[in-house]
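The values are calculated or read from the model by the stated rules, or taken from the named source; none is laboratory data. Please read these numbers as outputs of a predicted model, since none were measured by experiment. Every residue, glycine as well, gets a Cβ built from its backbone with ideal geometry; the counts of neighbours run over all protein chains shown.
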């Protein structure tokens with residue numbers, strides 16, 4: 001009798017978990033490649049897929065749900081990223097960037113319900129496009145590498161913290177700050193991995209407090225987690241095989257793509 005009760009309890013628990021799970025096949029047709037590519041982007045070429053996960057998932061679920069669902073996945077990806085880049089980051093830039101990040105997230109929490117997301121996307125998209133074109137077409141090619149700077153670093157990283165919190169578009173400002181420094185590619189990738197680790201984990205409690213996280217999103221994210229180490233490993237392999245010059249060219253093109261996507265998303269929302 002006791003065994004039957006235990007079996008029945010297990011069945012009810014499984015049924016309850018399934019009821020909380022997103023079951024639409026179209027969702028998984030998009031979510032599976034999204035998680036894999038996000039893992040590749042995190043440790044391969046930061047920003048290559050940055051800003052694209054939420055817009056793609058928004059094709060099949062509401063945007064706010066897409067953002068909430070991705071947060072646990074991003075946090076899990078960050079753990080693997082730290083293992084791959086343990087102790088690898090730029091020690092001059094990190095204190096500057098974390099100071100700006102703290103400012104940006106605090107501002108993001110305060111204005112979360114007030115700041116129009118379409119305006120934020122348009123602003124960051126325009127900055128990203130202008131910066132990327134400036135480098136792709138060589139207008140800034142002959143400039144010497146930039147150096148770590150408190151004014152510039154705090155500005156860009158606070159903008160990243162703010163836009164990451166309210167619009168999930170934190171990659172472009174950080175790329176705009178770090179890419180001109182022409183860091184060694186492993187230092188560059190490691191610095192972004194550590195920065196977004198702190199950024200993503202700092203958003204968990206505010207997101208929960210603002211009602212962004214629920215059981216459906218958490219259960220669905222848990223189902224997708226086994227894809228994370230695969231994507232991260234592929235990213236490390238890709239990053240290790242890319243020539244330095246090609247690495248930065250691909251990064252600039254990735255930034256351009258992010259900027260265009262942000263402009264498009266912001267423009268569509270603004271015109272509605």
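Among the residues making up the range 249-260, those that are within 19 Å of the chain's Cα centre (by Cα) and modelled with pLDDT under 85 are 250, 251, 252, 254, 255, 258, 259.
Where helices (runs of 4 or more DSSP H) fall wholly inside the range 1-100, the ranges with 3 or more residues that are surrounded by fewer than 21 Cβ atoms within 10 Å (Cβ to Cβ) and at pLDDT 90 or above are 25-43, 63-84.
Only residues that are out of contact with any helix residue (DSSP H, G or I) (no Cβ under 7 Å at 6 or more places or on another chain) and surrounded by 18 or more Cβ atoms within 10 Å (Cβ to Cβ) were counted in the range 184-223, giving 1. So, residue 163, is that one at pLDDT below 90 and touching a helix residue (DSSP H, G or I) at 6+ places or on another chain (Cβ under 9 Å) or not? Yes, satisfied.
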